[in-house]
1. In this structure, is N160 free of Cβ contacts under 8 Å to residues at least 40 places away in the same chain, surrounded by 13 or more Cβ atoms within 10 Å (Cβ to Cβ) and over 18 Å from S105 (Cβ atoms)?
2. State which residue pairs qualify: first residue more than 20 Å from A71 (Cβ to Cβ) and inside segment 41-53, second residue at pLDDT 90 or above in any location, beta carbons under 7 Å apart, and separation of 6 or more residues or different chains.
3. In the list V320, V340, which residue meets the criterion of being in the same structural domain as K390 (by TED's automatic domain parsing), in contact with a helix residue (DSSP H, G or I) (Cβ under 7 Å, 6 or more places away or on another chain), within 13 Å of E400 (Cβ to Cβ) and among the aliphatic types (A, V, I, L, M)?
4. Could you count how many residues in segment 300-338 are of a type in the set (F, W, Y) and assigned to a helix (DSSP H, G or I)?
5. Within segment 140-150, take every residue that is surrounded by 11 or more Cβ atoms within 10 Å (Cβ to Cβ) and assigned to a helix (DSSP H, G or I) and give me the one that is modelled with the highest pLDDT.
6. Let me confirm something: among A123, A110, A167, which residue is at pLDDT 85 or above, farther than 30 Å from L11 by Cα and surrounded by 11 or more Cβ atoms within 10 Å (Cβ to Cβ)?
7. Any residue at all in segment 339-357 that is part of a loop (DSSP other than H, G, I, E, B), of a type in the set (G, A, S) and more than 16 Å from A387 (Cα to Cα)?
8. Identify all residues within segment 4-32 that are touching a Lys or Arg at 6+ places or on another chain (Cβ under 8 Å) and aliphatic (A, V, I, L, M); write none if there are none.
Amino acid sequence: MSTRPLPANWLRTDALVTVGLMGVGALLAALTALAGANFFRTPIWMQSLGAVIMVVPLVVRRRFPLCSGLAVNALYILLANTMGTDINSGQVTLFLAFFSMSAWSGRRQASFWSRVAVVVSMAIWLFVAGLQAFDRLRTRELLTTPSMLTAGLAVQWITNAAFFAAAWFFGDQAWRRVMEQAELIRANDSIEALQAELVSKAIGEERVRIARELHDVVAHHVTTMSVQAAAARRLMDADPKRAKDALKQVESGARLAVKDLRTLVLTLRTGDGEREGLPTLDDLAALVTSSRLAGRDVNYEVIGEVPPVTPAVELTLYRVTQEALTNASKHAGPNAKVAVRLRGRTNSVELEVADDGIGMRPRMPGTGTGLIGMRERVAAVGGTFEAGSKPRGGFRVRAEIPVGVEA
């Protein structure tokens with residue numbers, strides 16, 4: 001890149017700065033001449049015009065920093081030896097142009113040698129101009145001793161050395177800060193892309209696991225239906241009433257299987273290894289106990305009478321509790337108390353896992369797939385899911401799932 005990224009409205013800003021320096025330079029050139037402290041013998045209007053001309057390259061000091069800096073340097077020397085200009089505003093213009101060569105040019109090697117060329121040319125011009133100025137002073141008998149000449153030259157050289165060194169140093173510092181910031185932005189973009197990829201992968205794996213578990217739930221229904229259908233076939237002639245009851249059970253099981261099958265988010269399965277039995281609501285107590293053994297202060301409470309639920313709902317409530325306890329362990333703090341409440345209602349069952357800890361702060365490490373997975377599980381069985389900070393501190397996860405078999 002030839003320059004670092006340009007800010008918004010850079011041209012308008014630099015144009016306003018240029019116009020401002022033009023006005024200041026023209027005014028100072030006129031006032032200096034009127035005060036009798038003029039360095040040049042040209043008319044006042046010509047010196048004011050020279051002050052205006054020298055500032056023009058600053059308009060593109062950020063877009064073309066090397067060209068702008070070299071042009072200002074050449075104009076400074078040229079105008080000082082022809083039309084005249086204002087020394088004070090010229091120094092400001094020269095400093096800004098030299099600083100821009102350091103701070104804005106992306107061609108670092110070219111920027112280095114261009115700055116060296118400016119310094120060398122200005123040193124030669126300063127030496128020659130200094131000798132000429134002091135020669136004029138000596139002719140007018142304003143300079144009487146060699147020590148005055150030496151002191152005067154020393155002041156000019158030290159001042160200009162500090163001037164160019166400061167512009168060089170602070171320009172390089174500005175460039176370095178911008179490059180470090182750009183590197184941080186690129187690193188942050190890479191981290192966000194990687195995080196998004198990890199989240200997507202984790203969600204996909206979670207969906208596969210949900211599908212595998214729901215597959216087992218549906219398989220359970222189908223197996224039960226097969227046994228009941230076989231019993232109905234055998235009892236059809238001998239005991240029609242019992243055969244009718246068996247067929248009702250088949251119908252009920254079929255409805256449950258279809259309902260659970262609708263929640264299947266993926267159809268492919270991976271792996272043929274052995275699987276443990278699917279967890280039920282009876283396993284919630286053991287889950288809470290394991291959290292206590294891990295050092296957590298967890299309380300489990302069943303409120304009301306829990307209505308009969310399908311295996312898919314039991315599995316969902318178990319997994320949500322498991323994930324919520326895991327989140328509380330990571331984010332709530334070591335001394336937080338966690339309450340797990342299972343409420344039975346007429347047409348639904350409600351699960352609430354709440355803690356009194358510090359809550360899930362936005363900048364805590366994590367991918368956020370836990371809450372996404374819980375939400376998808378609950379939505380898959382037709383329920384509603386809520387998660388967020390409590391008004392008085394802590395974090396709460398709440399899921400409500402309707403129960404009952406369709407008629």
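The values are calculated or read from the model by the stated rules, or taken from the named source; none is laboratory data. Treat the numbers as computed from the prediction; the structure is a model and nothing was measured. Please note: Cβ atoms are built from the backbone with ideal geometry, for glycine as well, and neighbour counts cover all protein chains shown.
1. Against the criterion (free of Cβ contacts under 8 Å to residues at least 40 places away in the same chain, surrounded by 13 or more Cβ atoms within 10 Å (Cβ to Cβ) and over 18 Å from S105 (Cβ atoms)), N160 qualifies.
2. Going by the 7 Å Cβ cut-off, there are no qualifying pairs.
3. Selected residue: V320, the only one of V320, V340 that is in the same structural domain as K390 (by TED's automatic domain parsing), in contact with a helix residue (DSSP H, G or I) (Cβ under 7 Å, 6 or more places away or on another chain), within 13 Å of E400 (Cβ to Cβ) and among the aliphatic types (A, V, I, L, M).
4. Number of matching residues: 1.
5. Result: T150.
6. A123
7. Step one: filter segment 339-357 for residues part of a loop (DSSP other than H, G, I, E, B), giving 345-347, 356-357.
Now restrict to residues that are of a type in the set (G, A, S): 357.
Pick out the ones that are also more than 16 Å from A387 (Cα to Cα) and you get none.
Looking through segment 339-357, none of the residues is part of a loop (DSSP other than H, G, I, E, B), of a type in the set (G, A, S) and more than 16 Å from A387 (Cα to Cα).
8. Selection gives L6, L11.
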